[in-house]
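Shown next, in structure tokens, is the structure this report addresses.
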Amino acid sequence: MASVSDMYDVTWEEMRDKLRKWREENYRNSEQIVEVGEELIQEHASKLGDDIWIIYEQVMIAALDCSRDDLATTCLHELQKQFQGSHRVKRLAGMRLEALERYDEALKMYNDILQDDSTNTAARKRKIAILKAQGKSTEAIRELNEYLEQFVGDQEAWHELAELYINEHDYAKAAFSLEELMMTNPHNHLYCEQYAEVKYTQGGIENLELSRKYFAQALKLNNRNMRALFGLYMSASHIGASPKASAKVKKDNVKYAAWAASQINRAYQLAGHGTKETKCSLKAVEEMLESMQIMPS
């Protein structure tokens, strides 16, 4: 089988730089990392200097994603020889055990790390990941809440907690978790959009009005967010049809929905420039809008 360097006519330096770029940009393209990293480790390890250790870690994690336990084990053994007793390497060993579904052994390893260093956030998060993998959502939620009592500024943890609450249909607590995220990162359109979706799911006129406002805010932050545009249309449509809304509120929301519908149609028209697939999509959108009895002006 031809090597990566032969197939794509790249040097080992270019392969090393490609892995670095993927690390810095947090790409989760595990198959490509394995393809490039395996050759780099096998053929050019002696040329990499201290970069070899971070590459071993990067390739090992990608290998676990790709069910390449042979490659993951090779990388792990090299790291264990170089960094004996390292908590970071122990965590990697625990991740390998997780990939093999040897959860009890992985938990023991993480507990050993935490016994030495109770502030090791990575080990605590791995324990929560195991609970999720085992379908123990209640225990995972409890662990995450305890974690956030100590590390309240961890945005990734708040988002994970919101997802867990959504999966458990506890939308009030999911909304609270997303509110914490928006307080620390008010310019993230995805957080605004997800919060709007949760409020929309909760239902009721007050929640629908909040939903519409946050879908609009998500669009203000990113005017290409089609999911938010559809959400604005749906929330405004429901308010416009609600018997609990006043005549003025209904009139205003019918206008908002009509505007959103026109923007949706326009976006689909511009996206495909008349291709057959786009015409089918546009027809489906028009039928959906018509079924709501609101058509773009």
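What number comes out for the charge environment of GLN80, summing +1 per Lys or Arg and -1 per Asp or Glu over other residues with Cβ under 15 Å away?
Numbers: positive: LYS81, ARG88, LYS90, ARG91, ARG96; negative: GLU57, GLU78, ASP112.
Here the charged neighbours net out to +2.
Here are a few candidate values for Rg and Dmax of the Cα atoms in Å: (1) 24.9, 75; (2) 24.4, 81; (3) 34.6, 101. Which one was actually calculated from the structure I just gave you?
It is the value labelled (1).
On the first, second and third principal axes, largest extent first, how far apart are the outermost C-alpha atoms of region 126-188 in Å?
Rounded to whole Å, the extents work out to 34, 25, 17 Å.
How much net charge surrounds ALA228 when only other residues with a Cβ under 14 Å from its Cβ are counted (Lys, Arg +1; Asp, Glu -1)? Before the final figure, lay out each step's value.
On the way: positive: LYS199, ARG212, LYS213, LYS220, ARG224, ARG227; negative: GLU193, GLU197.
In short, +4.
Using only the alpha-carbon atoms of region 202-253 as identical scatterers, what base-10 log of I(q)/I(0) does the Debye formula give at q = 0.17, 0.19, 0.25, 0.32 Å⁻¹?
Values, matching the q order: -0.47, -0.57, -0.88, -1.18.
Tell me, what HN-Hα J-couplings in whole Hz come from the Karplus equation 6.51 cos²θ - 1.76 cosθ + 1.60 at θ = phi - 60° for each residue of region 88-99, using x for Gly and Pro?
Those phi angles translate into 5, 6, 4, 4, 4, 5, x, 5, 5, 5, 4, 4 Hz.
What is the diffusion coefficient of region 107-211 in µm²/s, taking the Kirkwood radius over Cα pairs and the Stokes-Einstein relation at 20 °C with a viscosity of 1.002 mPa s? Show your work: numbers first, answer last.
Numbers: Rh = 14.6 Å.
Answer, rounded: 147 µm²/s.
At 7 Å along the Cα-to-beta-carbon direction for both GLU31 and ASP104, put a label point, then send me their distance in nm to one decimal.
3.6 nm
Determine the gain in length on full extension of the stretch ASP65-GLU206; use 0.36 nm per residue of separation and subtract their C-alpha separation, reporting nm with one decimal.
Stretched out fully, the ASP65 to GLU206 stretch lengthens by 46.4 nm.
Cut-off 10 angstrom, C-alpha nodes, Gaussian network model of the chain. Which of GLN269, GLN217, GLN58 fluctuates the most?
GLN269
Take each of the peptides 152-165, 80-93, average the number of other beta-carbon atoms within 10 Å over its residues, and list them starting from the highest.
The most tightly packed comes first, giving 152-165, 80-93.
When only DSSP loop residues count, what trypsin sites (Lys or Arg not before Pro) in region 160-265 have their Cβ near at most 14 other Cβ atoms within 10 Å? All intermediate terms of the calculation are to be shown ahead of the outcome.
Numbers: sites: LYS173, LYS199, ARG212, LYS213, LYS220, ARG224, ARG227, LYS244, LYS248, LYS250, LYS251, LYS255; in loops: ARG224, LYS244.
Taking region 160-265 and a limit of 14 other Cβ atoms within 10 Å, the loop trypsin sites (Lys or Arg not before Pro) found are ARG224, LYS244.
What value, in deg cm²/dmol to 500, does the helix sum -39500 (n - 2.57) over DSSP H runs of n ≥ 4 give at 222 nm once divided by the residues of the chain?
Result for the chain, helices only: -25500 deg cm²/dmol.
Suppose we keep just the alpha-carbon trace of region 1-150; what are its Rg and Dmax in angstrom?
So, for region 1-150, Rg and Dmax equal 17.0, 52 Å respectively.
Local charge sum around ASN120 (other residues, Cβ-Cβ under 10 Å, Lys/Arg +1, Asp/Glu -1)? Numbers along the way, then the final one.
On the way: positive: ARG88, LYS90, ARG91, ARG124, LYS125, ARG126; negative: ASP116, ASP117.
Local net charge: +4.
Quick note: the coordinates plus some simple rules give every number you see, no bench work behind them. What you are looking at is a predicted structure, and each value in this text was computed from that prediction instead of being measured. Cβ: placed from backbone, ideal geometry, glycine included. Neighbour counts: every protein chain shown.
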